[in-house]
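Inspection log for the structure reproduced underneath, given as structure tokens.
What follows draws every value from the coordinates through simple rules; no lab data is involved. Because the structure is a prediction, the values reported are computed rather than measured. Reconstructed Cβ throughout: ideal geometry from the backbone, glycine too, with neighbour counts over all protein chains shown.
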Amino acid sequence: MDEIIAAWHLFLQMLRQFSWNDALDIILVSFIIYNAIKLVRETRAGQLVKGIIILLVVWGLATLLKLTMMRTLMVYLFQYALILVMIVFQPEIRRALEQIGRSEFGRKSWLGGGTSEEIYRRNRLCINAVVEAAVQMSKQKTGALMVFEMKTKLGDIIDTGTIINALPSVPLICNIFFNKAPLHDGAMILRDGMVYAAGCILPLTKSDRVAIELGTRHRAAIGMSENSDAVIVVVSEETGQISVVSNGVITRNYTRETLQSELESRLLAESTEEKDEKKQSRFPSFRRGKKQ
């Protein structure tokens, strides 16, 4: 009974010493741990974590059973654990850092400079051209891979192709992906509302959960979306089916109307928000309540 009372008094004493910075510390650490677990569960790193846990169990048993050689081996192994983790988890660490970089801090439109009205018009014109071209290529069963660059810059991908930097139009896009054109076997990069590059090589996904009927073009689109925040439109050469890929997830069977709606919701949202913010800054009285 005395031990319970002593423990209770100790708890109350710790509670009195608890301050706001302790609460902030707990919240931040919990957030980091939660996102680390989420990252591990959503990638193949989960299997690697299980392997590390097994090694820790082996180390504990070796220490308990006084297995000198095994314990020494585990000690040397975990001395270089940080370097090993950096090497083994390199794709996952890179993905996590890119997600942090794509956070809401300092958010900008996916397009470059210009006023919000100009940005919005360039967005819409680019989307209209891509949608119409995708529908035409779908009917003709012409394979296509069109990547909308967002916040993550794709300079390393662009370097693998040919710079075009032309205004998007249906004839231009269809000609690039014509099966006898020199740049058809690659991806088109759309930057700042322009057809910036074509014939670009994208990284293939390493996920083993991709449907077996999906070919190299779809796997490249998924791989690109896993390594960036890009939005990718894919037209299947075999079926003519139109798909959209983002954040490692592919959705399929788009029509002209559903593709238009999907791209507008993904690419025009930020431009619309910027226009609203600009209007509110011009007319601040709209944001204020009535004076009492």
In whole Hz, with x marking every Gly and Pro, tabulate ³J(HN,Hα) for region 133-148 from phi via Karplus 6.51 cos²θ - 1.76 cosθ + 1.60, θ = phi - 60°.
5, 4, 5, 5, 5, 5, 5, 8, 6, 9, x, 8, 9, 10, 10, 8
Dividing the mean separation of Cα pairs under 8 Å (6+ apart) by the residue count of region 204-256 yields a relative contact order in percent of 28
Region 118-128 - phi-based ³J(HN,Hα) in whole Hz, Karplus 6.51/-1.76/1.60, Gly and Pro as x:
5, 4, 5, 5, 5, 4, 5, 4, 5, 5, 4
In whole Hz, the Karplus estimates of ³J(HN,Hα) for region 204-213 (6.51, -1.76, 1.60; θ = phi - 60°; x where Gly or Pro) are 7, 5, 9, 5, 9, 9, 6, 4, 5, 6
Exposure proxy ranking, count of Cβ atoms within 10 Å, fewest first, for D229, D156
D156, D229
Using the Kirkwood formula on the Cα atoms of region 116-277, what hydrodynamic radius do you get, in angstrom to one decimal?
15.5
Place +1 on the Cβ of every Lys and Arg and -1 on the Cβ of every Asp and Glu in region 116-277, take the dipole about the Cα centre, and give the residue among A166, A197, V210 whose Cα lies farthest towards its positive end.
V210
Residues W59, W20 in order from fewest to most other beta-carbon atoms within 10 Å are W20, W59
